[in-house]
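Structure first, then comments.
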Amino acid sequence: MTQRLNIIGGGMAGCEAAWQAAQLGVPVTIYEMRPKVETFAHQTGDLGEMVCSNSFRSDDDEQNAVGLVHWEMRAAGSLILATADKHRIPAGGALAVDREPYAKSITAAIHAHPLINVTYDEITHLPDEGQWIVATGPLTSGALAEAIQAETGSEALAFFDAIAPIIYADSIDMSRAWMQSRYDKGETEEERTAYLNCPMSKAQYEAFIDALLKAEKTEFKPGETAGYFDGCLPIEVMAERGRETLRFGPMKPVGLCNAHDPENKPYAVVQLRRDNALGTLFNIVGFQTKMKYGAQTRVLRMIPGLEEAEFARLGGIHRNSFINSPTLLTPQMQLKSKPNIRFAGQITGVEGYVESAAMGMVAGRMAAAELSGHTLPPPGPDTGCGALITHITGGAVAKTFQPMNVNFGLFPPIDTVKGGRKRRKERYKAYTDRAKETFSAWLER
Ligand SMILES: Cc1cc2nc3c(=O)[nH]c(=O)nc-3n(C[C@H](O)[C@H](O)[C@H](O)COP(=O)(O)OP(=O)(O)OC[C@H]3O[C@@H](n4cnc5c(N)ncnc54)[C@H](O)[C@@H]3O)c2cc1C
């Protein structure tokens, strides 16, 4: 008889992983701590509860990376997507659902599956034996978080994300920005030109600070804040402490010479750093922010060189437990130090319901394959699911690793398709066509 798969957490990732493995004939136990142990965000004891918005975002599988992941999950027989389709409510091009019946339906489907058991208990350790998937999400219980820290090291588990906005490289105006590391530091040319710099005059800096101070900010939820100020002040909080604070912090102009205007020293400089190995994404260094999304795009496009910036993801600071997957996980999503344990969902450093469920789908299939005596490789990096796995298990820069939504910046470029804004529609269609072909072949394995 096939060995049992144990899953900790009955949220988006845990339910999807359980469903996929069970559909492949593997018996599964889900351990879910709610309703015995509550979190500050969940309201019920239902499985697959949506903690905030009722939207799975864009359903456009030709022009949107999230929509593409919907397509891949439907193709894989996803429980989360099939249930979303059943409880869909009108929301333009987005896939939004009637929240309560949705979670009740997920719960009923999981309980009705002949190969799935649900045990309503908190798991507080990382087991040495058996096959496990940890899918405990952004609000992993304190006891289990301690066990994960003890296994991986305290630096390897974060309790907050502090996301600086991430920008598509090809939307940056390089006639204004230039590549240079501070004081030209580095052994190689690549290191000496590792940062992308956007210069500001005094007038531009003053206008930027004014806009930052006036911008609308999001508030923290009760119980969410403790500890976040330790290492990551939002830029607007720095600006509130003094108009010059940013110029002596992340926007300091020292050690840099504007390649387009070497005679004039910039008054302030905004630096961006590569966010992935492909070099298609750049994050704005030290620019974590709680500005509302509309305000963020408006204020950040005031930065010279970023007037036309396209954002792969906007900044934010949230309560969020996630591990440093690039250093801890194999491409099979197994913990390197304890390969009987896979991680899936938001705790791996993906962000969002869809991305979390997608990681559950792949982890469930990989675990089922292993229990049946073979190895299932992850989907190719040119698929939505595969691009995410490639990013979290190696493509992302480990030192600055922060949670990531799926976006086309994670996909390997197609040589025959041109970059730039004008060709975007054509490029995205080429990415999604390629992804569907690769993903369909992966499902046949
Ligand atoms: C306040 C807040 C708001 C959010 N808003 C959105 C949003 O609007 N849209 C969006 O796409 N994403 C949002 N997210 C992110 C969202 O939580 C994830 O996208 C998604 O729920 C993650 O799925 P998951 O399966 O990884 O975790 P979850 O869905 O949270 O599931 C994890 C499950 O594990 C259980 N658990 C935890 N520890 C243990 C333990 N030790 N033993 C047993 N069970 C345990 C939890 O009770 C939970 O049911 C938000 C997150 C937070 C914290």
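Can you tell me which of Ala177, Ala309, Ala239 moves the most in a GNM of the chain? Springs connect C-alpha atoms under 10 Å apart.
Comparing Ala177, Ala309, Ala239 in the GNM, the peak value goes to Ala239.
Output the antiparallel fraction of DSSP beta bridges having both residues in the chain, as a percent to the nearest 5.
Percentage antiparallel, nearest 5: 65.
With all distinct Cα pairs included, what does the Kirkwood hydrodynamic radius of segment 166-314 come out to in Å, to one decimal, could you say?
Evaluated over segment 166-314, this radius sits at 16.0 Å.
Tilt of helix 202-214 relative to the longest C-alpha principal axis of the chain, in degrees (0 to 90, nearest 10)?
Long axis of 202-214 versus the principal axis of the chain: about 40 degrees.
I need the calculated FRET efficiency for the pair Ala211 and Glu191, taking r as the beta carbon distance and R₀ as 35 Å, to the nearest 0.05.
Computed FRET efficiency for Ala211 and Glu191: 0.55.
Taking the Cα-to-Cβ direction at Arg182 and at Glu146 and moving 7 Å from each Cα, how far apart do the two end points lie in nm?
Here the answer is 3.8 nm between the modelled labels.
Compute the signed sum of charges (Lys and Arg +1, Asp and Glu -1) over the other residues within less than 15 Å, Cβ to Cβ, of Thr375.
Around Thr375, the charge tally is +2.
Test of understanding: what is the full-extension gain from Met174 to Val51, defined as 0.36 nm times their sequence separation minus their Cα-Cα distance?
Taking 0.36 nm per residue and subtracting the Cα distance, the gain is 40.2 nm.
If I stretch the segment between Lys36 and Ser372 completely, what's the gain in nm (0.36 nm per residue apart, minus their alpha carbon distance), one decimal?
My answer for the length gained is 117.6 nm.
Counting other Cβ atoms within 10 Å of each Cβ, which GluC sites (Glu not before Pro) in segment 1-75 have at most 15 and sit in a DSSP loop?
Answer in residue order: Glu38, Glu62.
At 7 Å along the Cα-to-beta-carbon direction for both Asp128 and Arg4, put a label point, then send me their distance in nm to one decimal.
2.0 nm
Take the chain, connect every pair of alpha-carbon atoms lying under 10 Å apart with a spring to form a Gaussian network, then pick out the residue of Tyr431, Tyr183, Tyr195 with the largest mean-square fluctuation.
Tyr183
Where Rh is the Kirkwood radius over the Cα pairs of segment 169-209, the temperature 37 °C and the viscosity 0.692 mPa s, what D in µm²/s does Stokes-Einstein return?
282 µm²/s
Full extension from Met302 to Ala398: what is 0.36 nm times the residue separation minus their Cα-Cα distance, to one decimal in nm?
The span from Met302 to Ala398 would gain 31.6 nm if fully extended.
What FRET efficiency would be calculated for the residue pair Lys252, Glu155, taking the C-beta separation as r and a Förster radius of 45 Å, to the nearest 0.05?
For R0 = 45 Å, the calculated efficiency reads 0.95.
In angstroms, what radius of gyration and Dmax does the chain have, counting Cα atoms only?
My reading of the Cα-based Rg and Dmax gives 22.3, 75 Å.
Would you calculate the separation in nanometres between label points at Phe220 and Lys292, each defined as 7 Å from the Cα along the Cα-to-beta-carbon direction?
Output for this residue pair reads 2.1 nm.
Where in segment 252-266 does the label zone of Ser201 land, with the point 7 angstrom along Cα→C-beta and an amide N cut-off under 16 Å?
Counting backbone N atoms under 16 Å from the label point, the list is 258, 260-266.
Pairs of alpha-carbon atoms within less than 8 angstrom and 6+ residues apart define the contacts here; what relative contact order does segment 88-214 have, in percent?
Worked out over segment 88-214, it gives 11 percent.
Net charge near Leu81, counting Lys/Arg +1 and Asp/Glu -1 over other residues with Cβ under 14 Å of its Cβ?
Once positives and negatives cancel, what remains is -2.
Okay, helix-only estimate at 222 nm for the chain: each DSSP H run of n ≥ 4 adds -39500 (n - 2.57), divide by all residues, round to 500 deg cm²/dmol; what do you get?
Only helices count here, giving -9500 deg cm²/dmol.
Between the helical axis of 353-371 and the dominant principal axis of the chain, each derived from Cα atoms, what acute angle in degrees is found, rounded to the nearest 10?
It works out to around 50 degrees.
Quick one: Debye curve from the C-alpha atoms of segment 245-329, no solvent, what's log10 I(q)/I(0) at q = 0.11, 0.25 Å⁻¹?
Relative scattering, expressed as log10 I(q)/I(0), comes to -0.40, -1.42.
Taken together, the values in this text are just the output of simple stated rules run on the coordinates, not laboratory data. Just so we're clear, the structure is a prediction, and the values are computed from it rather than from any experiment. Neighbour counts are summed over all protein chains in view; Cβ atoms, including those assigned to glycine, are modelled from backbone coordinates with ideal geometry.
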